[in-house]
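The values are calculated or read from the model by the stated rules, or taken from the named source; none is laboratory data. Source: prediction; values computed, not measured. Note that each Cβ is placed from the backbone with ideal geometry, even for glycine, and that neighbours are counted across all protein chains shown.
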Amino acid sequence: MPEANHVERETTEDRGSIMPLAKSWDELKGRHPWPVQEPNVPEDWHGWLRNDTHAMLYQHLNASTRLMVECGSWLGLSTRAILLGAPNAMVICCDHWKGSPDHQGNPEWARRLSTLYETFLRNLWPWRDRIVPIRADSLDALAEICQAGLVPDLVYLDTEHTYDRVSRELAFCTDHWLSSTIVGDDYDWPEVARAAKEHAEKTGRQFFGYGTAFSFLPEGQS
């Protein structure tokens, strides 16, 4: 599996057919529109998508995937990999695009924060017909998606590396979308791994953890 940083930009011919837009998708997209003009900022593909996580995502993404939710998008490196791995899918990207305390304390990352959202839009501009960016806290964004009546095929979690945040995101997804696969990053962080393992014990959902990634299968799937 190559590093995700080397995934090539998708061409128009590679996109395949896009699923018909449901009314709920149209309404969500209307609440979170793209700007009329492409942001005037440099393209910047800085980000994190390690081999284990990339491989775990690609175990569950294919041409049959129709709706993805990504919590934690940064500059869109993982978003691009998702779009390429699921060429017929729509993707809802949930991020406040303010950065975390980890980002603010690192000079290389902190210098990107003032234009973080604009750079994300610039990077993903060719795929804007397939993406709804929700600029909000992940839990608020998940609630909005649920209220819109949308049920994702897969939810990708890559926000705060804390026990509380991961536990709450997993609980929301299991409470509302038992038919959805969950893939998470940063399983090599102790608090993330603890939250994932405890969720598996509490819910009995089929769980896998390997390297930097973990996943929960839909109810009834093994």
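If you check L84 against the conditions, is it modelled with pLDDT of 95 or more, in a helix (DSSP H, G or I) and in contact with a helix residue (DSSP H, G or I) (Cβ under 7 Å, 6 or more places away or on another chain)? When the stated conditions are applied, L84 does not pass them. Inside the range 59-105, can you point out the residues that are more than 15 Å from V132 (Cα to Cα), of a type outside the set (G, A, S) and in contact (Cβ under 8 Å) with a residue 60 or more places away in the chain? Within the range 59-105, Q59, H60, L61, T65, L77, L84, P87 qualify. Scanning the range 100-115 for residues that are more than 20 Å from the chain's Cα centre (by Cα), part of a loop (DSSP other than H, G, I, E, B) and among the small types (G, A, S) yields a single hit, G105.
Here is a yes/no grid of residues against (1) touching an Asp or Glu at 6+ places or on another chain (Cβ under 7 Å); (2) among the acidic types (D, E):
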| residue | (1), (2) |
| --- | --- |
| W34 | no, no |
| P39 | yes, no |
| M90 | no, no |
| D95 | no, yes |
| Q104 | no, no |
| E108 | no, yes |
| L113 | no, no |
| Y117 | no, no |
| F120 | no, no |
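Restricting attention to the range 125-136, and to residues there that are surrounded by fewer than 17 Cβ atoms within 10 Å (Cβ to Cβ) and not basic (K, R), which single residue is nearest to E70 (Cα to Cα)? It would help to see each step written out before you state the result.
To start, the set of residues in the range 125-136 that are surrounded by fewer than 17 Cβ atoms within 10 Å (Cβ to Cβ) comprises 125-126, 128-129, 135-136.
With the extra rule that they be not basic (K, R), the set shrinks to 125-126, 129, 136.
Values: W125: 17, P126: 18, D129: 16, A136: 12 Å.
Within the range 125-136, the match that is nearest to E70 (Cα to Cα) is A136.
When the range 27-69 is limited to residues that are among the small types (G, A, S) and assigned to a helix (DSSP H, G or I), the one that is nearest to W109 (Cα to Cα) turns out to be A55.
Is it fair to say Y187 is under 22 Å from S73 (Cα atoms), hydroxyl-bearing (S, T, Y) and surrounded by fewer than 16 Cβ atoms within 10 Å (Cβ to Cβ)?
For Y187, the condition - under 22 Å from S73 (Cα atoms), hydroxyl-bearing (S, T, Y) and surrounded by fewer than 16 Cβ atoms within 10 Å (Cβ to Cβ) - is not met.
Only one entry of R50, R111, R80 meets the criterion of being buried (at least 19 other Cβ atoms within 10 Å of the Cβ) and of a type in the set (K, R), and that entry is R80.
Evaluation of S179 against the conditions (1) in contact with an Asp or Glu (Cβ under 8 Å, 6 or more places away or on another chain); (2) under 24 Å from L49 (Cα atoms); (3) not aromatic (F, W, Y) shows that the sole unmet condition is (2).
Here's the yes/no breakdown for (1) among the polar types (S, T, N, Q); (2) closer than 17 Å to H96 by Cβ; (3) in contact with a Gly (Cβ under 7 Å, 6 or more places away or on another chain); (4) touching a residue at least 12 places away in the same chain (Cβ under 8 Å):
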site	(1), (2), (3), (4)
A148	no, no, no, yes
V151	no, no, no, yes
T181	yes, no, no, yes
E191	no, no, no, yes
E201	no, no, no, no
R205	no, no, no, yes
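The set of residues in the range 77-123 being in contact with a Ser or Thr (Cβ under 9 Å, 6 or more places away or on another chain) and among the β-branched types (V, I, T) consists of T79, I82, V91. Regarding D102, is this residue modelled with pLDDT of 95 or more and not aromatic (F, W, Y)? When the stated conditions are applied, D102 does not pass them. Restricting the range 196-214 to residues that are assigned to a helix (DSSP H, G or I) and within 21 Å of the chain's Cα centre (by Cα) leaves a set whose member that is nearest to E70 (Cα to Cα) is A196. Screening the range 137-184 for residues that are among the β-branched types (V, I, T) and more than 14 Å from M68 (Cα to Cα) and picking the one that is surrounded by the most Cβ atoms within 10 Å (Cβ to Cβ) gives V166.
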